[in-house]
Structure formats: structure tokens, C-alpha cells
1. So which of 129, 118 is open to solvent by 50 Å² or more (accessible area, probe 1.4 Å) and modelled with pLDDT of 85 or more?
2. Among 25, 81, which is the only one that is of a type outside the set (Asp, Glu), out of contact with any Leu (no Cβ under 8 Å at 6 or more places or on another chain) and at pLDDT 65 or above?
3. In the range 89-100, what residues are buried (at least 22 other Cβ atoms within 10 Å of the Cβ) and closer than 18 Å to residue 75 by Cβ?
4. Give the range 37-49 a look and list any residue that's more than 8 Å from the chain's Cα centre (by Cα) and within 23 Å of residue 96 (Cβ to Cβ), or say none.
5. Any residue in the range 110-126 that's among the β-branched types (Val, Ile, Thr): show its pairings with residues that are modelled with pLDDT under 90 and open to solvent by less than 20 Å² (accessible area, probe 1.4 Å) at Cβ separation under 6 Å, as long as the two are six or more apart or on different chains.
6. All but one of (1) part of a loop (DSSP other than H, G, I, E, B); (2) surrounded by 15 or more Cβ atoms within 10 Å (Cβ to Cβ); (3) modelled with pLDDT of 85 or more hold for residue 123; state the number of the condition that does not hold.
7. From the list 99, 65, 70, pick out the single residue that is at pLDDT 80 or above and more than 15 Å from residue 123 (Cβ to Cβ).
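The values are calculated or read from the model by the stated rules, or taken from the named source; none is laboratory data. Note that the structure is a prediction, hence the values are computed from the model and not measured. Cβ placement follows ideal geometry from the backbone for every residue including glycine, while neighbour counts extend to all protein chains displayed. Accessible surface areas use protein heavy atoms only, side chains included; no ligands, DNA or RNA. Shrake-Rupley method; radii C 1.70, N 1.55, O 1.52, S 1.80 Å.
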Amino acid sequence: MRVAGILALTALAVLCGTANAQPESLIRVGVINLTSQTVSPAELEILSDRLRVELHNTGEFTVVERERMEDILGEQGFQLSGCVDTYCDIEAGRLLGAEKMVAGSVGKLGTVYTMSLRLVDMQTGALERTELRRRS
């Protein structure tokens, strides 16, 4: 788990940078829980929450809280489970009023962890940035 946490921080730093934006210029971002076929749901929830905290700590983002996301999306009848493509990211982001969405996956093969993140712009629908990191 420690390695996966380091992966999240490394990928996040590359994905977002660390510029200190002014509060009025913060980007509203939603984070879809990370997915995996090889990492436990409990670990994914921890990593997803860690990603939200680290995004907030960059000083560039206002992060939509996980519980608030679930409430808003639930009211709209939108299910995040199985949300693994850019189209799904865009639909969720628009419902949340987010400017950008972050989503991705974590994998583990033997002692090697990999993390893939994507940043999607809600206005254009463009995949703005992707990052892939691995650690053993």
C-alpha cells in the first residue's frame, strides 16, 4: 500500500503541477474513484481519497467531495461504478458542475504497482492529460 501511495503522489505531481493559484482562480475538479482488477476495493477507496487530498493540496483545485459527488450523481440516477471511459467522465463532470474530472486505474502484478490517470476538460470534452507510473 505504501508503494501505491507513492505512485499516486508521483502521478499527481506530473499530472497537475504545483503552481499556487489564487482562490478565485481555482479549478473545480471531480475525482472518480480509481478502478482495478488486482487491488482491493478498500485500497482503491483509500487511494482515491488520497488523490483528492493531494489535488486539493496543490493549491490549483477546488475538489468536489466524494460524498457530495455521490449525492448529486445519485439524485440524477447516474452510476459511477463501471465508469471507465472519457465519455463517462464527461457525463459525470457535467452533472457535478466540474470544470475538469480526474479518473484512472491502479494495477498490481507481482510486486509492481502501476497507476494510470487521465484529466478531462468538461467544456471541450478533450482528454487534456494522461500519466502512467509504475513502482515496485
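1. 129
2. Values: 81 fails: at pLDDT 65 or above.
Sole residue among the options that is of a type outside the set (Asp, Glu), out of contact with any Leu (no Cβ under 8 Å at 6 or more places or on another chain) and at pLDDT 65 or above: 25.
3. 92, 93, 98, listed by residue number.
4. 41, 44, 45, 46, 47, 49 - these are the residues of the range 37-49 that are more than 8 Å from the chain's Cα centre (by Cα) and within 23 Å of residue 96 (Cβ to Cβ).
5. Partner pairs satisfying both residue conditions: 120/89; 120/101.
6. All conditions are met except number (2).
7. Details: 99 fails: more than 15 Å from residue 123 (Cβ to Cβ); 70 fails: at pLDDT 80 or above.
The conditions single out 65.
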